[in-house]
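Visitor: Below you'll find the structure I mean.
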Amino acid sequence: TSDFYGDALLTISADDGPDNPATVRDVDITVVAVNDDPTISVPDDATVRLGDLALDLVGFEVDDVTDSQHLGNLDPNSEFSVDSPFVLEIKSDGGQIKVETPGSLAITGNESSTVEMTGSLDDLNAALADVSFSGAIGTYTVTATLDDSGFVDETDNSPSNLTASDSFQVTVRPNTSP
């Protein structure tokens, strides 16, 4: 089973023909949870004319299969927990990125070329439904990077931050009359 963790029992049976009884042995197996990579989807490349309203960036989504069940055995004194927030950075090599409705997220740099949001996946996805870009004439690369803030590896109790990153381009063209 994909993403399985926990205890399992493996039963092995060996049979050496009808005159010999079968031998059955059970083996206990413990599969330790590991930190899975977060995932990120970004909008398709887009073009907007200068002077138009800001371009709505539709198509962002963040996810991580690592959930609270994976974190159930954490050391209570660890700085990492089920409540460890995700950090999403959206960075452009020019222009402005604006998160219209950040909700309960901690956010820095809104309406700048680098916006950083911190919070749960649900809150991040809610905010990503209303993000816009504006800029001068040119082509810009926008990169989004999601950091899972360090799930603790149960095998050695060490943090293992994982990130996902993807980019797309926004082209701002001159506003020409028909």
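The values are calculated or read from the model by the stated rules, or taken from the named source; none is laboratory data. Being a predicted model, the structure only gives us computed values, none of them experimental. Note: ideal-geometry Cβ built from the backbone for every residue, glycine included; neighbour counts use all protein chains shown. Accessible surface is based on the protein model in full, side chains and every heavy atom, while ligands, DNA and RNA are left aside. Shrake-Rupley method; radii C 1.70, N 1.55, O 1.52, S 1.80 Å.
Visitor: Hey, can you tell me all the residues within the stretch 143-168 that are open to solvent by 60 Å² or more (accessible area, probe 1.4 Å) and at pLDDT below 95?
Guide: Those that are open to solvent by 60 Å² or more (accessible area, probe 1.4 Å) and at pLDDT below 95: E154, T155, D156, N157, P159, N161, T163.
Visitor: Right, something else. Select from the stretch 119-142 the residues that are of a type in the set (V, I, T) and either open to solvent by 40 Å² or more (accessible area, probe 1.4 Å) or assigned to a helix (DSSP H, G or I) (or both) and list them in ascending order.
Guide: I137, T139, T141, listed by residue number.
Visitor: Which of the residues spanning the stretch 96-105 are in contact with a Gly (Cβ under 7 Å, 6 or more places away or on another chain), open to solvent by 60 Å² or more (accessible area, probe 1.4 Å) and either within 19 Å of D147 (Cα to Cα) or not in a strand (DSSP E or B) (or both)?
Guide: S104 - this is the single residue of the stretch 96-105 that is in contact with a Gly (Cβ under 7 Å, 6 or more places away or on another chain), open to solvent by 60 Å² or more (accessible area, probe 1.4 Å) and either within 19 Å of D147 (Cα to Cα) or not in a strand (DSSP E or B) (or both).
Visitor: Let me spell it out: the conditions are (1) more than 14 Å from the chain's Cα centre (by Cα); (2) at pLDDT 85 or above; (3) of a type in the set (V, I, T); (4) open to solvent by 70 Å² or more (accessible area, probe 1.4 Å), and T176 meets all of them except one. Which number is the exception?
Guide: (2)
Visitor: Continuing with this model, one more query. Counting just the residues of the stretch 1-47 that are in contact with a Leu (Cβ under 7 Å, 6 or more places away or on another chain) and within 18 Å of A144 (Cβ to Cβ), which one comes out surrounded by the fewest Cβ atoms within 10 Å (Cβ to Cβ)?
Guide: Here the residue is D37.
Visitor: Can you pull out the residues in the stretch 48-66 that are open to solvent by 60 Å² or more (accessible area, probe 1.4 Å) and among the hydrophobic types (A, V, I, L, M, F, W, C)?
Guide: Once the filter is applied, which keeps residues that are open to solvent by 60 Å² or more (accessible area, probe 1.4 Å) and among the hydrophobic types (A, V, I, L, M, F, W, C), the stretch 48-66 yields L50, L53, V58, V65.
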